[in-house]
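A.B. asks: I have a structure here, written as structure tokens, and I will follow up with some questions on it.
Coordinate-derived values only; no laboratory data. Keep in mind the model is a prediction, meaning the values are calculated, not measured. Counting neighbours? That spans all protein chains shown, and the Cβs are built from the backbone with ideal geometry, glycine included.
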């Protein structure tokens, strides 16, 4: 997911995507323990991008 896509998303959609990514991260970590390969790094990066956008948007509202 690109940052441009995150900007275009509505707040409800971002929250839903964040929830889905967190669940996917948990599943990925479980699969990683069993199989040895993981997409956890990519998922964490997407979660961080969404959270960063949300926090920056909140900071602008508070000013």
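A.B. asks: Is the C-alpha gyration tensor of the chain telling us rounded, prolate or oblate? Criteria: a/c under 1.5 is rounded; beyond that, a/b larger than b/c is prolate, otherwise oblate.
C.D. replies: Taking the square roots of the gyration eigenvalues as a ≥ b ≥ c, the chain is prolate.
A.B. asks: Next up: What length, rounded to one decimal in nm, is gained on full extension from residue 48 through to residue 5, with 0.36 nm per residue of separation minus their alpha-carbon distance?
C.D. replies: Stretched fully, the residue 48-residue 5 segment lengthens by 14.1 nm.
A.B. asks: If you fit an axis through the alpha-carbon atoms of helix 40-62 and take the longest principal axis of the Cα set of the chain, what angle between them do you get, 0 to 90°, nearest 10?
C.D. replies: With both axes taken from Cα atoms, the answer is about 20 degrees.
A.B. asks: With an 8 Å Cα cut-off and a minimum separation of 6 or more residues, compute the relative contact order for the chain in percent.
C.D. replies: Computed value for the chain: 36 percent relative contact order.
A.B. asks: So what's the back-of-envelope 222 nm ellipticity for the chain, counting only DSSP H runs of four-plus at -39500 (n - 2.57) apiece and dividing by all residues, rounded to 500?
C.D. replies: Theoretical 222 nm ellipticity from helices: -29000 deg cm²/dmol.
A.B. asks: Expected output is a single nm value to one decimal: the length gained when fully extending between residue 39 and residue 56, i.e. 0.36 nm times separation in residues minus the C-alpha distance. What is it?
C.D. replies: Contour length minus the Cα-Cα distance gives 3.5 nm.
A.B. asks: Once you place label points 7 Å from the Cα toward the Cβ at residue 30 and residue 13, how far apart are they in nm?
C.D. replies: 2.9 nm
A.B. asks: A further question follows. In degrees from 0 to 90, rounded to the nearest 10, what is the angle of the helix 11-35 Cα long axis to the longest principal axis of the chain?
C.D. replies: 20 degrees
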